[in-house]
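Worksheet for the structure shown next.
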Amino acid sequence: MSHPATHRAEPALLDRALAEADRALRTLFARPQATRPNPAGELPVAQLDESQRRHVAGLMRINHVGEICAQALYSGQAVTARDPAVRRHLLAAAVEETDHLAWCADRLEELGDRPSLLNPLWYSGAFTIGAVAGLLGDPLSLGFVVETERQVEAHLAEHLTQLPEHDERSQRILAQMQADEIRHADDAQAAGGMPLPRPLPDLMTLASKVMKTVAYRI
C-alpha cells in the first residue's frame, strides 16, 4: 500500500539536501557575490611593509573563516528550524554574511594572500553545530545566534585596534561588518532568542580561540 505523504516528503527532503550541498559548494569554492558595495569604496590601498601585510592578511583570513562559519551555522540552523519565520530570518541574515565573505575575499586578494586551507573543515563543523542548535528549538537556536554575533562583534573590535592606522580599507570593511553583527544579534534577540545556559558560551569562546589561532596562519 502506498503512502502519498511519505512520497511527497522524500522529494522535499532531497531537494533541501541538494540545496544545502549547492550552498556549501558555492560558499567554499565560488567567488562570493556581494549584494552591497564594498564599504572600502575608492579608499587608497595602504602601503604596508611585509610584516604589516602578513599581519593584516592573517586578521582578514580569520574574518574570512568567520564568515565561512557564519554561512554554515545559519544554513545548519535553517535546515532544522521549526518555524518558517525563523528559517527566513536565518537565511536573510546569511545574505548579509555573504557580503562580508566577499569583502574579506577582496581584501585578501588585494593583500596578495589566500583564504584558509581548512575552510571545508571549518564549514562542516559549523554546519553540524548549527543543525544541532536548531534541533534544540528555535528560541535556543536564536540565542545561539545572539551569542555568536556578540562574540564576533568583540573580536572585530579587537582586530580594529590591531590594524595599521593607515590601512583604511581594512578598517572600513571591519567596521561595517561589526555594525551588521550588532544588528544581527539584536534582531535575533528581538525574534525570541533566549540566553544560552553555561557552559555553552564558554565553550564557544574556546572554540573561537582555536579557530583564530589556526586560521591566522593556515
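The values are calculated or read from the model by the stated rules, or taken from the named source; none is laboratory data. In this text, all values refer to a predicted model and were calculated from it rather than measured experimentally. FYI the Cβ positions are ideal-geometry reconstructions off the backbone, even for glycines, and counts take in every protein chain you see.
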- Note on the structure: Apart from one, (1) at pLDDT 85 or above; (2) touching a Phe, Trp or Tyr at 6+ places or on another chain (Cβ under 8 Å) all hold for Asn119; the odd one out is (2)
- Restricting attention to region 60-84, report how many residues are out of contact with any helix residue (DSSP H, G or I) (no Cβ under 9 Å at 6 or more places or on another chain) and either closer than 12 Å to Ile129 by Cα or touching a residue at least 60 places away in the same chain (Cβ under 8 Å) (or both). 0
- Message: For region 105-151, give me each residue that is more than 22 Å from His64 (Cβ to Cβ) and of a type in the set (Asp, Glu).
- Response: Asp138
- What's the number of the condition Asp49 fails, among (1) of a type outside the set (Val, Ile, Thr); (2) within 24 Å of Thr148 (Cβ to Cβ); (3) at pLDDT 75 or above? (2)
- Out of Glu110, Glu153, report the one residue that is surrounded by 15 or more Cβ atoms within 10 Å (Cβ to Cβ) and in contact (Cβ under 8 Å) with a residue 40 or more places away in the chain. Glu110
- Just checking, which of Arg61, Arg31 is in contact with a Pro (Cβ under 7 Å, 6 or more places away or on another chain), among the charged types (D, E, K, R) and modelled with pLDDT of 75 or more? Arg61
- What residue, among those in region 113-135 that are surrounded by fewer than 15 Cβ atoms within 10 Å (Cβ to Cβ) and of a type in the set (A, V, I, L, M, F, W, C), is farthest from Ile62 (Cα to Cα)? Val132
- Pairs returned, first residue in region 184-198 that is over 17 Å from Leu91 (Cβ atoms), second residue that is among the aromatic types (Phe, Trp, Tyr), beta-carbon separation under 7 angstrom, 6 or more apart or interchain, are Leu196/Phe144
- Task: Return only the number of the condition from (1) in contact with a helix residue (DSSP H, G or I) (Cβ under 6 Å, 6 or more places away or on another chain); (2) under 20 Å from Thr148 (Cα atoms) that Pro115 does not satisfy.
- Result: (2)
- Does region 29-51 hold any residues that are touching a Ser or Thr at 6+ places or on another chain (Cβ under 9 Å) and exposed (fewer than 10 other Cβ atoms within 10 Å of the Cβ), and which are they? Thr35
- Item | Residue check, Gln71 buried (at least 24 other Cβ atoms within 10 Å of the Cβ), touching a Ser or Thr at 6+ places or on another chain (Cβ under 6 Å), closer than 25 Å to Ala175 by Cβ and at pLDDT below 95 | yes
- Message: Against the definition (of a type in the set (Asp, Glu) and modelled with pLDDT of 95 or more), how does Asp113 come out, yes or no?
- Response: yes
